[in-house]
Amino acid sequence: MRRIILTGAAALLAAALAACSSGSSSSTNGPSGSANGPTGTLTISNEQGTQWNCSFNPFNPGNLGEGVTMGQVYEPLMFVNTLQNAKTTPWLASGYAWSTGNKTLTFTIQKNVTFSDGTPMTAADVAFTFNLLKKFPGLDVDSVWSVLSTVTQQGDTVVMQFKAPSVPYFYYIADQIPIVPEHIWSTIKDPVTYADSKPVGTGAYTVSPCTPQNITYVANPHYWQPGLPKIAKVLYPAFTSNDPANTYLATGQAQWGSQFIPNIDKFYTSKSSDNHYWFAPIANVSLIPNLTKPGIGDVAVRQAIAYAIDRNKVGQVGEYGEEPGANQNGIATPTFSAWMDNTSAAKYGYGYNPAKAQALLTQAGYAKGSDGIYAKGGQKLAFTVINIGGYSDWVASMSVVQAELKAVGIGLTAQNLAQNDYLNRLYAGDFDFAYYAQTGGPTPYYEFRQWLYAANSAPIGKNASSNWERYSNPATDKLLDSYAITTDSAKQHDIVNQLQQVVLSDVPYIPVTEEVGWFQYNTAKFTGWPTQDNPYAIPAAYAYPDMGQVLLHLSPK
Amino acid sequence: MRYLLRRAGFFLLTLWAAVTLNFFLPRMMPGNPAIAMMGKFRGRLTGPARQSLETIFGVNTHESLLAQYWHYLGDMATGNFGTSLFFFPSPVGQVVRSAIPWTLGLFGVVTILAFILGTGVGIVGAWRRGGVIDSVAPPLLVITSAIPYFWVGMMFILIFGLKLQWLPWSGGMDITETPAWTGEFIGNVVEHAILPALALLITTIGTWTLTMRNNMVTTLAEDYVRMARAKGLSNPRIMLDYAARNAVLPNLTGFAMSLGFVVGGAILIEYVFNYPGVGYMLLQAVEN
């Protein structure tokens with residue numbers, strides 16, 4: 001994960017490791033290439049900044065974000081691949097169908113699936129899982145019951161009725177809900193606080209054992225897909241800071257990394273020809289304006305800012321070139337390039353153009369004061385931006401932006417805060433500008449909805465869940481609602497084009513760099529990794545349920 | 001007896017004040033744990049799910065602050081520390097209990113060692129004032145105790161862990177080990193503890209040495225020491241039984257106080273060596 005506290009450790013270790021030979025691997029590997037049964041031990045390096053609490057409850061947001069449970073222990077109905085334009089492949093369900101005007105969704109459940117304790121999994125367990133979410137809203141973190149009206153089992157299918165067509169919720173329902181065993185979870189009094197330290201799921205791996213310092217996953221002997229998984233053991237150590245995690249990767253003790261490694265070529269790739277990395281963009285880290293504040297509320301100011309920032313430079317300097325610069329269309333390329341509206345992009349021509357930025361301000365009636373800052377009617381364009389102090393790459397990115405804005409006569413001062421304090425102020429709207437990213441989803445619609453939908457916002461002082469800039473435009477809401485009722489690809493592309501035009505003209509937020517999935521991998525002992533040519537899943541160990549897909553595709557050499 | 005009772009009473013008073021502060025301070029700060037949860041979700045937590053989480057965390061309970069305080073005191077007395085926010089849904093007691101042995105083991109043992117060794121060097125140094133040990137050890141140890149813990153730790157990792165590969169440099173035990181009272185496991189734990197312990201030792205030993213040496217020097221000038229010398233007692237006996245026993249008193253008080261700090265853990269050492277102690281949990285608790 002990306003959190004780096006400002007120590008000189010990485011630099012120190014990098015310098016030293018450059019001089020020393022690559023360390024011996026202490027991971028034990030069984031004989032490779034055996035015909036029957038899984039072999040080999042894979043070690044993951046994904047710093048979470050905490051020791052494990054050995055809870056595998058797949059509805060708990062903390063557990064999910066760590067990548068410890070969903071995907072490899074529990075499985076969802078279908079797999080929706082963000083990196084292949086929401087391509088959907090069967091998982092626990094062999095197929096699905098929309099009917100009655102996209103208000104009914106029917107899943108056909110695979111046969112011959114068993115849980116890790118040998119009990120067969122049936123459509124009854126699926127229906128039970130969804131109704132469990134209805135009974136305990138604390139489990140329903142994706143709010144699927146805000147659109148569902150009933151979920152019932154019919155033989156080996158599960159039929160879901162919607163209150164109104166909400167096609168995009170397919171992703172949350174099919175890909176993000178883990179199917180849990182009814183015979184266990186029906187006996188749990190409070191599933192929200194249930195630790196689930198000995199999880200029983202349909203997944204390829206079971207936990208045996210879990211200590212605060214390491215989780216050992218072993219291949220599930222009852223796994224329903226024959227011949228899988230191919231790797232016998234997966235180790236997931238707990239790291240409280242980035243440096244040991246990065247060093248594990250550099251010395252080869254871990255083969256699958258999800259780390260932000262500054263100077264990655266010097267520190268990691270140069271250590272071995274088998275060390276590789278690939279960062280796939282999935283969302284936009286953006287400068288978030290508080291649209292209710294004077295000065296910032298003026299669209300000319302926001303457009304000027306969008307022309308004043310050299311996004312590629314921010315990516316180079318702030319993110320060591322590991323995150324590409326974003327674009328004002330709000331489309332993360334090349335992952336979602338198929339959705340990019342090049343016509344409107346060309347029409348507005350956003351890019352690094354400080355002269356145009358200043359021209360825009362002058363046209364709007366701003367005049368440069370004696371301190372070099374533009375002002376109009378007493379309103380100076382001098383603002384503060386809040387940022388998470390612990391993310392040193394974001395702090396560096398903001399200092400680049402600060403310098404670039406100063407060059408066009410807009411003052412920006414950074415306030416680096418502790419994470420909880422920052423989130424408080426972000427949600428409550430207590431900021432001029434903020435720097436953050438949305439979660440996104442398998443198509444650009446999800447990110448646009450998170451940014452632009454008025455219902456995701458809240459008045460200043462109340463907590464907004466994702467529309468922190470307080471953008472509200474009924475026409476945009478209508479666009480977003482119209483996307484939700486259709487499965488027609490041409491219509492969806494047309495709507496997303498219009499959404500891009502909203503972002504281009506209204507500039508409700510300013511994408512700066514593209515958030516990537518952090519991924520390092522070592523090909524010496526394992527093969528089958530996702531690559532740019534074969535992006536079969538998001539390759540980060542914290543991506544769920546994608547990390548389960550990765551483990552199903554990997555095999556020892 | 002009265003002395004003990006008075007001490008116990010004062011202890012209880014301090015305990016009550018600390019617990020009360022611990023109750024009111026976090027509640028007076030902005031933000032609540034549900035917001036931290038929302039942060040983990042990057043905004044996907046809305047409506048009923050969020051309210052449900054807020055109920056679990058005890059936010060918005062509509063109970064008066066005084067009633068909450070009363071329940072809190074009751075929970076403290078019965079040892080029910082509630083559910084952890086950061087390690088949700090594990091109970092706090094379990095979380096702390098899993099980390100305390102590592103902290104007590106590493107930090108406790110090192111504190112005791114540092115005290116004994118530092119005091120020992122201080123005694124010998126003062127006895128042979130101006131001698132070899134006195135000229136080298138106290139200045140050297142004072143310098144090493146001025147170096148920040150984490151820098152020493154990182155240097156050790158670099159030299160002994162990575163370059164020479166003599167010792168393991170991450171974790172409290174091998175990640176594939178399961179805790180068991182076998183010789184092999186204990187050996188593994190000790191092996192993992194050597195580097196952090198050494199780093200902690202050389203940075204803390206200096207203060208004990210210096211204070212002990214200075215106290216000894218003043219004690220050696222006392223009349224009863226001269227009397228002992230006049231009586232013809234052996235040097236080691238004078239050094240230890242007459243001088244050191246009196247000179248060690250301030251150091252002993254400091255040692256008793258530092259034992260109290262052991263429970264807080266050594267955050268920096270745990271951070272650098274990825275050691276599973278309580279110190280880093282303290283940091284996380286404060287940050288969240």
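Observations on the model:
- Restricted to the range A:342-431, the set of helices (runs of 4 or more DSSP H) holding at least 2 residues that are closer than 25 Å to residue A:504 by Cα and touching a Phe, Trp or Tyr at 6+ places or on another chain (Cβ under 8 Å) comprises A:354-363, A:392-407, A:419-428.
- Note on the range B:255-288: among residues that are among the small types (Gly, Ala, Ser) and either surrounded by 14 or more Cβ atoms within 10 Å (Cβ to Cβ) or within 14 Å of chain A (Cβ to nearest Cβ) (or both), the one that is nearest to the chain's Cα centre (by Cα) is B:265.
- Filtered residue count, the range A:71-97, keeping only those that are over 29 Å from residue A:337 (Cα atoms) and in contact with a helix residue (DSSP H, G or I) (Cβ under 6 Å, 6 or more places away or on another chain): 1
- Scanning the range A:485-495 for any residue that is within 21 Å of the chain's Cα centre (by Cα) and either outside any loop (DSSP other than H, G, I, E, B) or free of Cβ contacts under 8 Å to residues at least 12 places away in the same chain (or both) turns up nothing.
- Checked against the criterion of being modelled with pLDDT under 95 and either touching a helix residue (DSSP H, G or I) at 6+ places or on another chain (Cβ under 7 Å) or among the β-branched types (Val, Ile, Thr) (or both), the candidates A:106, A:100 yield just one match: A:100.
- Residue among A:517, A:440 that is touching a helix residue (DSSP H, G or I) at 6+ places or on another chain (Cβ under 6 Å) and buried (at least 17 other Cβ atoms within 10 Å of the Cβ): A:440
- Considering (1) at pLDDT 95 or above; (2) within 14 Å of chain B (Cβ to nearest Cβ), the lone condition that residue A:136 does not fulfil carries the number (1).
- Members of the range B:221-242 that are buried (at least 19 other Cβ atoms within 10 Å of the Cβ) and either more than 22 Å from residue B:118 (Cβ to Cβ) or at pLDDT 90 or above (or both): B:228
- Scanning the range A:440-477 for residues that are among the polar types (S, T, N, Q) and either in a loop (DSSP other than H, G, I, E, B) or within 11 Å of chain B (Cβ to nearest Cβ) (or both) returns A:443, A:450, A:456, A:457, A:463, A:465, A:466, A:467, A:472, A:473.
- Among the candidates A:180, A:218, residue that is among the β-branched types (Val, Ile, Thr) and surrounded by 22 or more Cβ atoms within 10 Å (Cβ to Cβ): A:180
- Subset of the range B:65-115 that is small (Gly, Ala, Ser) and in a loop (DSSP other than H, G, I, E, B) - its residue that is farthest from the other protein chains (Cβ to nearest Cβ): B:79
- Identity of the residue in the range A:344-380, of a type in the set (A, V, I, L, M) and more than 21 Å from residue A:501 (Cβ to Cβ), that ends up surrounded by the most Cβ atoms within 10 Å (Cβ to Cβ): A:361
- Residues that are in contact with a strand residue (DSSP E or B) (Cβ under 8 Å, 6 or more places away or on another chain) and part of a loop (DSSP other than H, G, I, E, B) were ranked within the range A:201-215; the one that is nearest to the other protein chains (Cβ to nearest Cβ) is A:213.
- Check on residue B:168, modelled with pLDDT of 85 or more and touching a His at 6+ places or on another chain (Cβ under 8 Å): yes
The values are calculated or read from the model by the stated rules, or taken from the named source; none is laboratory data. All of these numbers come straight from a predicted model, not from anything done at the bench. Glycine gets a Cβ as well: all are built from the backbone with ideal geometry, and neighbour counts include every protein chain shown.
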